[in-house]
Amino acid sequence: MLAEHAQKFGGFWSLLKVEAVEKYLRAYATAMSKQPFELVYIDAFAGSGSFTFGEGMSLMGEDEAARVFAGSVKRALAVDAFKQLFFIESSDRNITSLKAIASGDKRVEIISGDANVKLIELCQRLDWRRRRGVVFVDPCGPETDWAILRAIAVTKALDVFWLFPLSAVYRNAQRWTRFVRQFGGLAKVDPGVCYAANVFVCASIA
Ligand SMILES: C[S@@+](CC[C@H](N)C(=O)[O-])C[C@H]1O[C@@H](n2cnc3c(N)ncnc32)[C@H](O)[C@@H]1O
């Protein structure tokens, strides 16, 4: 039997994050409701579908720390306007959980594997002339490749939420300098990166 499970990560900021994404998805659905496009949602680092702060929040009581919250996947599923939802995840356990959550929902395609590869393949596979959508890029650390931003930009059809931990920037300053330079180069070569999509890049202090 497929079993859903809650991942342990983050803290209050994770709740703010998923609430911000959910509000954006609902506003996006409203803004696009009169447009002749099929709306899609792509969760590139989908998680298991729900999460708990776990023992990471030392100032909380046990009951509060054990509370389970709906993750980005569940929040997106609740937005009817999305006609297709793609969940990319590399962990087998999370894939099992996502299958349990989405079972029977014909809008959902669950893609197992590395988002740095699978998201690019997905952007290239779908016909963007009749689709518009939102991509949520929510890795645990700096495991994303700028090449995925290029693939997203080429669609000229996707809004992007891209999160990364601020600690990853200063711990990997040298590597990130290269990435940021690469991004500058990307914007010059590919101005689409700057205007084809709304790109929200958020840093968390976790
Ligand atoms: C911060 S969690 C996602 C949380 C989820 N967006 C939410 O709000 O409920 C990041 C997830 O990315 C997955 N992951 C890590 N590296 C990955 C990769 N290269 N490709 C796909 N998924 C990956 C992890 O297994 C983890 O479940």
Checklist entry - Taking the condition within 12 Å of the ligand (Cβ to nearest atom) and either of a type in the set (Phe, Trp, Tyr) or not in a helix (DSSP H, G or I) (or both), does residue 33 pass? => result no
Checklist entry - If you go through the range 1-44 one residue at a time, how many are small (Gly, Ala, Ser) and more than 26 Å from residue 148 (Cβ to Cβ)? => result 4
Item to check | Residues of the range 1-19 satisfying the condition of being in a helix (DSSP H, G or I) and touching a Lys or Arg at 6+ places or on another chain (Cβ under 7 Å) | outcome: 18
Item to check | Members of the range 1-28 that are over 15 Å from residue 72 (Cβ atoms) and hydrophobic (A, V, I, L, M, F, W, C) | outcome: 1, 2, 3, 12, 27
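Each row is one residue, and each column tells you yes or no for (1) at pLDDT 95 or above; (2) in contact with a Cys (Cβ under 8 Å, 6 or more places away or on another chain).
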| site | (1), (2) |
| --- | --- |
| 105 | yes, no |
| 109 | yes, no |
| 113 | yes, no |
| 122 | yes, no |
| 128 | yes, no |
| 134 | yes, no |
| 154 | no, yes |
| 179 | no, no |
| 183 | no, no |
Next on the checklist: Considering only residues that are near the ligand (Cβ under 10 Å from one of its atoms) and either more than 24 Å from residue 130 (Cα to Cα) or in contact with a Gly (Cβ under 6 Å, 6 or more places away or on another chain) (or both), which ones fall in the range 5-30?
Outcome noted: 6, 7, 9, 10, 14, 15, 17, 18
Checklist entry - Where residues in the range 95-134 are closer than 14 Å to residue 83 by Cα and of a type in the set (Lys, Arg), which of them is nearest to the ligand (Cβ to nearest atom)? => result 107
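The values are calculated or read from the model by the stated rules, or taken from the named source; none is laboratory data. Every value quoted in this text rests on a predicted model; they were computed, and no experiment measured them. Note that each Cβ is placed from the backbone with ideal geometry, even for glycine, and that neighbours are counted across all protein chains shown.
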